[in-house]
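First comes the structure, then the notes that go with it.
The values are calculated or read from the model by the stated rules, or taken from the named source; none is laboratory data. Treat the numbers as computed from the prediction; the structure is a model and nothing was measured. Positions of Cβ are generated from backbone atoms using ideal geometry, with glycine treated the same way; all protein chains shown enter the neighbour counts.
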Amino acid sequence: MKNRQTSTEPKNIVPNFSKSDTSTEKLIDNSRAYERAGDIAAALQLAQQALQQAKTTGDTAGQANALAQLAHVHFRQGQYAPAQSLAKEALALSTPADSAYVAALMVLGLCAAENGNPAAAETYLHRTIELSRAHRHRHILRAALHNLSAMVYTPQGKFSLALAADAESLRLADTLNTPEARWFPLATMGWIYFVTGQYTDAAAIAEQLAQTVLPRSLGEGFYFCLQGDLAQEGDSPAEAELFYAKARAIAEAIGDPGLSVLLRLGLSRYHRRSGNPAAALNWADDACAIAERVGYRHLFGMALVARGRAAWCMENLSAAATDFRAAIEVLSPLRANFDLTRAYYFLAILAQQQDDPAAEALWLEAAERIIRHGYTFLLDVTADLAFPLLAAWPFFRNFVLLASRGKGALRGLAWSRRGWCCRMGK
């Protein structure tokens with residue numbers, strides 16, 4: 001889930017301008033408030049004004065804080081190169097004890113994560129956490145714990161670690177009396193519960209999100225996206241399109257690439273499962289284009305998997321296999337274990353459907369990953385896909401069922417021979 005937090009201070013939710021207070025600090029505070037509210041243009045303008053004012057008055061600390069905020073805003077729009085450049089300028093004008101230094105360090109970690117360098121991202125974010133604790137920047141600590149969850153643990157499929165980090169981030173949001181920050185960990189937690197098939201828990205998180213997010217904010221965009229995902233698993237799947245449309249309106253206004261890609265993946269899944277694979281392919285292809293354009297490697301890999309599934313439903317099996325293999329190539333260096341496992345898993349099913357001699361080796365790879373990383377829930381949420389594959393190789397079926405330790409893998413299977421590659425699953 002890519003709802004990374006870029007604003008770190010617990011200031012006013014809605015800016016309250018005063019003609020008598022145009023200090024650099026106030027300009028930065030208002031920029032952060034506008035960023036939280038989703039008005040990126042105003043946030044950018046105020047941060048630039050703060051930087052110019054700090055330069056004019058020779059305020060080095062003000063320059064560092066303004067640069068860090070500018071880096072936040074550029075990162076929010078997927079502009080990673082300028083965000084990194086601005087963050088490094090902020091580092092040069094501050095010390096490790098300063099909040100500007102720690103906030104800039106966090107931006108570098110976020111950029112590294114989205115540019116496909118998970119090791120660097122983890123190093124930056126752990127350093128951010130260490131400095132935040134040492135110098136009592138508790139609001140940045142809260143944000144960094146969430147970002148570690150959303151940008152490192154979740155992409156790597158380490159869901160238990162992600163939930164633990166976000167639970168602590170949520171606790172800090174409550175302790176620090178910053179209710180506007182609660183949506184960051186809640187959104188990631190909701191997404192994890194959804195992809196792992198824990199729909200009741202995901203719905204409970206969605207209810208909390210509804211009470212937390214600001215209208216037309218990024219948080220509300222992720223809330224609508226989660227509601228769209230959940231609608232597909234409920235009694236009124238057609239409502240999903242309405243939720244994704246609301247999420248898209250926010251994404252277009254803000255320019256956040258993570259939300260833009262995720263809502264398109266949701267729309268692709270919706271159309272694929274509704275029997276409109278051509279529309280599913282178009283939305284997945286658009287998601288690929290956005291992720292590739294901004295250089296967001298993990299989401300690009302996810303979008304390739306979605307495009308492969310849509311091509312599969314259109315019976316373009318060679319295109320599907322090409323996309324699954326491309327996803328494996330993209331995701332492997334990122335250590336994106338969950339989505340990498342999904343790519344191997346779908347490729348194995350596709351190969352088995354075609355009686356490809358490579359199918360058994362692919363399934364062995366997929367099964368080993370499912371067991372090693374604890375992803376047996378994948379067999380539940382894609383039950384109609386799993387059944388024919390496991391039926392073909394009883395040894396692997398028994399192996400996986402034993403590893404599931406009674407956690408529900410393959411319960412209630414009802415395989416229909418007609419359309420089993422399209423109807424079910426994530």
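Residue by residue through the stretch 253-266, note down the ones that are part of a helix (DSSP H, G or I) and more than 23 Å from residue 321 (Cβ to Cβ). Write out each step before concluding.
Looking only at the stretch 253-266, we keep the residues that are part of a helix (DSSP H, G or I), and these are 253-254, 257-266.
Scanning the stretch 253-266 gives 253, 254, 257, 258, 259, 260, 262, 263, 266.
When residue 35 is tested against (1) of a type in the set (Asp, Glu); (2) at pLDDT 95 or above; (3) under 24 Å from residue 124 (Cα atoms), just one condition goes unmet, and that condition is (2). Of the set (1) over 26 Å from residue 285 (Cβ atoms); (2) at pLDDT 90 or above, all apply to residue 346 but (1). Listed by first and then second residue, the pairs linking a residue in the stretch 68-80 that is outside the structural domain of residue 297 (by TED's automatic domain parsing) to a residue that is among the charged types (D, E, K, R), with Cβ atoms under 7 Å apart and 6 or more places separating them unless they lie on different chains, are 69/32; 72/35; 73/35; 76/35; 76/256; 80/114. Looking at the structure I just gave you, is residue 303 touching a residue at least 24 places away in the same chain (Cβ under 8 Å), of a type in the set (A, V, I, L, M) and touching a Leu at 6+ places or on another chain (Cβ under 6 Å)? Judged against the criteria, residue 303 is not a match. Please verify whether residue 245 is within 14 Å of residue 228 (Cβ to Cβ) and either without any contact (Cβ under 8 Å) to a residue 24 or more places away in the chain or assigned by TED's automatic domain parsing to the domain that holds residue 369 (or both), treating the condition exactly as stated. Yes. Only a single item in (1) at pLDDT 90 or above; (2) more than 22 Å from residue 313 (Cα to Cα) is not met by residue 376, and it is number (1). Residue count for the stretch 241-261 under the criterion of being over 29 Å from residue 295 (Cβ atoms) and touching a Phe, Trp or Tyr at 6+ places or on another chain (Cβ under 6 Å): the result is 0. Scanning the stretch 179-228 for residues that are among the acidic types (Asp, Glu) and closer than 30 Å to residue 376 by Cα turns up 201, 207.
Quick grid of which residues meet (1) assigned to a helix (DSSP H, G or I); (2) surrounded by fewer than 24 Cβ atoms within 10 Å (Cβ to Cβ); (3) without any contact (Cβ under 8 Å) to a residue 60 or more places away in the chain:
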residue: 31; (1), (2), (3): yes, no, yes
residue: 52; (1), (2), (3): yes, yes, yes
residue: 62; (1), (2), (3): yes, yes, yes
residue: 86; (1), (2), (3): yes, no, yes
residue: 91; (1), (2), (3): yes, yes, yes
residue: 103; (1), (2), (3): yes, no, no
residue: 106; (1), (2), (3): yes, no, no
residue: 112; (1), (2), (3): yes, yes, yes
residue: 116; (1), (2), (3): no, yes, no
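On inspection, residue 341 passes the criterion of being modelled with pLDDT of 90 or more, β-branched (Val, Ile, Thr) and closer than 20 Å to residue 154 by Cβ. Residue check: is residue 307 of a type outside the set (A, V, I, L, M, F, W, C) and within 25 Å of residue 239 (Cβ to Cβ)? When the stated conditions are applied, residue 307 passes them.
Say whether the condition of being in the same structural domain as residue 83 (by TED's automatic domain parsing), farther than 23 Å from residue 375 by Cα, of a type in the set (A, V, I, L, M, F, W, C) and modelled with pLDDT of 95 or more is met by at least one residue in the stretch 146-155. No; the residues of the stretch 146-155 include none that is in the same structural domain as residue 83 (by TED's automatic domain parsing), farther than 23 Å from residue 375 by Cα, of a type in the set (A, V, I, L, M, F, W, C) and modelled with pLDDT of 95 or more.
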